[in-house]
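Colleague: Have a look at the structure that comes next, please.
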Amino acid sequence: MDGRQCVTKTLKIIGSKWTVLILHELCEGTKRFGELQLALVGISPKTLSQRLKELEKAGIVKKTVYPVVPLRVEYALTEKGKSLREIINKMVEWGARAK
């Protein structure tokens, strides 16, 4: 696989605005759905749910459901997801320097 194919593959998984911002939030640690929604001002519950499902399917996010009332669901990065921290951190650094 050449470099362009690798970038294309990466962008298919993390290329949307909300996906990268969700990953940025999860780099800080495990979050509940409501915490993510509060942190990501402007995201609809439907979009957040869809992006989390996509990330879970890609093996980047792990969803843990606790059988309590009310139902408690947490999201965290998997080991595969944690490997994206360096990319997210570089994006933060680059954005801080960009004019």
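Where a number appears in this text, it was derived from the coordinates with a stated rule and is not lab data. Here the structure is a predicted model, which means the values were calculated and not measured. Note: ideal-geometry Cβ built from the backbone for every residue, glycine included; neighbour counts use all protein chains shown.
Colleague: Skipping prolines and chain starts, which residues have an amide H placed within reach, meaning under 5 Å, of the one on VAL61, given they are 5 or more residues away or on another chain?
Modeller: Residues meeting the criterion, in which the H sits 1.01 Å from N, are GLU56, THR78.
Colleague: Longer than 26 Å from Cα to Cα, which of LYS9/LYS82; LYS9/LYS46; LYS9/LYS53; LYS17/LYS90; LYS46/LYS90 are they? Say none if no pair is.
Modeller: Numbers: LYS9/LYS82 17 Å; LYS9/LYS46 24 Å; LYS9/LYS53 18 Å; LYS17/LYS90 16 Å; LYS46/LYS90 29 Å.
Violating the 26 Å Cα-Cα cut-off are LYS46/LYS90.
Colleague: Let me ask something else. Quick one: give the max-minus-min coordinate of the C-alpha atoms of the range 3-97 along each principal axis, largest first, in Å.
Modeller: 47, 26, 22
Colleague: Relative contact order, percent, of the chain when contacts are C-alpha pairs under 8 Å separated by at least 6 residues?
Modeller: 27
Colleague: With only Lys, Arg, Asp and Glu charged, each at its Cβ (+1 for the first two, -1 for the last two), find how big the charge dipole of the chain is about the Cα centre; round to the nearest 20 debye.
Modeller: I would put it at about 220 debye.
Colleague: To continue, here is another question. Which of the aspartates and glutamates could be linked to LYS62 by a straight reach, that is with a Cα gap under 13 Å, when you skip same-chain ones fewer than 8 residues away?
Modeller: Partners found: GLU54, GLU74, GLU79.
Colleague: Can you check what the net charge comes to around VAL65, using other residues whose Cβ is under 9 Å from the Cβ of VAL65 (Lys, Arg +1; Asp, Glu -1)?
Modeller: Summing Lys and Arg as +1 and Asp and Glu as -1 gives +1.
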